[in-house]
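Comments concern the structure below.
What follows draws every value from the coordinates through simple rules; no lab data is involved. Keep in mind that what you see is a predicted model, and the values were worked out from it rather than measured.
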């Protein structure tokens, strides 16, 4: 299947999942779940739905709730879009924001740590 067609399918699945997530799933107060992207297999048998949860401390709670609602969400999506075969949806936690935050923390720590910084041990060129 051409890549542009796959991109269209991924975008359509992401849009539908995000809309249903907002309308059909009752999330706990103070929890925000975002559908970041959808990646569908070339044979359309599976689709990974990448989600982000804020605050990150409540990720397990939100994932458990979404996994319970996933069969119903998949059924509703199948009724909204026309595909020969509706991919089986799998939830994947998107940790990119956490990783970026951790990298920033490490970089800040390296800037502040003058005595142990690897850059301080490199001799200057004369």
Self-check item: Contour excess over end-to-end distance, with Cα ends at residue 83 and residue 15 and 0.36 nm allotted per residue
Solution: 23.0 nm
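Distances over 22 Å make up what percent of all Cα-Cα pairs in segment 3-114? Walk me through the intermediate numbers first.
Values: 2438 of 6216 pairs.
Everything past 22 Å amounts to 39 percent.
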Quiz prompt | Ratio Rg/Rh, restricted to segment 21-68 and using Cα atoms, in which Rh is the Kirkwood radius | solution = 1.03
